[in-house]
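Everything on this sheet refers to the single structure shown next.
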Amino acid sequence: MDGREGLSADKTETTDSATVDPELLFAFLFGSDRFNDYVGRLAAATSALVGDSEMLTAVQLRTLQKRRCTRLAVKLAERLQLWTSGEEEAAKAAWTAEAADLSQASFGSQLVHAIGDVRVKLIFFYIPHILVFMLLFVPP
């Protein structure tokens, strides 16, 4: 059951069924699963998958979130591999091409900018912490 049975034959309306797959809805609204490597399965989609029941405990939800963050961190590390291996121009070209591709999705340009803004804010948040750690704990 993938939720597609919740759509009409021409996929323009929902049927009376209340089982529309949230990932399918996200893909319909935001232009496919192109952003999965950047945002993963959002908590709202996970919640909708299991319903509003108490099927998942708070511990299980935290575990799912931790797995999501780990998968996203691995994907980010893979995208940074070219840059860290010294191929800065190749990395910039690959990132530019990927951003152009993602921008073609519905709301793609806005999502690319939002993801970029969040990452920049996180960098400015974590760099001072990393520098303090290095000053305090890394021998000169």
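The values are calculated or read from the model by the stated rules, or taken from the named source; none is laboratory data. The structure displayed is predicted, hence computed values, not measured ones. No Cβ is skipped: glycine too gets one built from the backbone with ideal geometry, and neighbour counts run over all protein chains shown. What goes into the accessible areas is simple: the full protein's heavy atoms, side chains included, and nothing from ligands, DNA or RNA. Shrake-Rupley method; radii C 1.70, N 1.55, O 1.52, S 1.80 Å.
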- Contact list, first residue from region 79-101 and closer than 16 Å to Val112 by Cα, second anywhere and of a type in the set (Phe, Trp, Tyr) and open to solvent by 70 Å² or more (accessible area, probe 1.4 Å), beta-carbon distance below 8 Å, six or more apart or interchain, is Arg79/Trp95
- Task: Scan region 114-132 and give yes if some residue there is under 19 Å from Arg41 (Cβ atoms) and touching a residue at least 12 places away in the same chain (Cβ under 8 Å), otherwise no.
- Result: yes
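The rows are residues; the columns are (1) at pLDDT 85 or above; (2) more than 16 Å from the chain's Cα centre (by Cα).
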residue: Ala45; (1), (2): no, no
residue: Thr63; (1), (2): yes, yes
residue: Arg68; (1), (2): yes, no
residue: Leu82; (1), (2): yes, yes
residue: Glu87; (1), (2): yes, yes
residue: Ala91; (1), (2): yes, yes
residue: Gln104; (1), (2): yes, yes
residue: Gly116; (1), (2): yes, no
residue: Ile123; (1), (2): yes, yes
- Item | region 113-140 - residue that is of a type in the set (Phe, Trp, Tyr) and surrounded by fewer than 10 Cβ atoms within 10 Å (Cβ to Cβ) and, of those, farthest from Ala99 (Cα to Cα) | Phe137
- Item | Residue under evaluation Gln110, criteria (1) open to solvent by 70 Å² or more (accessible area, probe 1.4 Å); (2) touching a residue at least 60 places away in the same chain (Cβ under 8 Å); (3) of a type in the set (S, T, N, Q), criterion not met | (2)
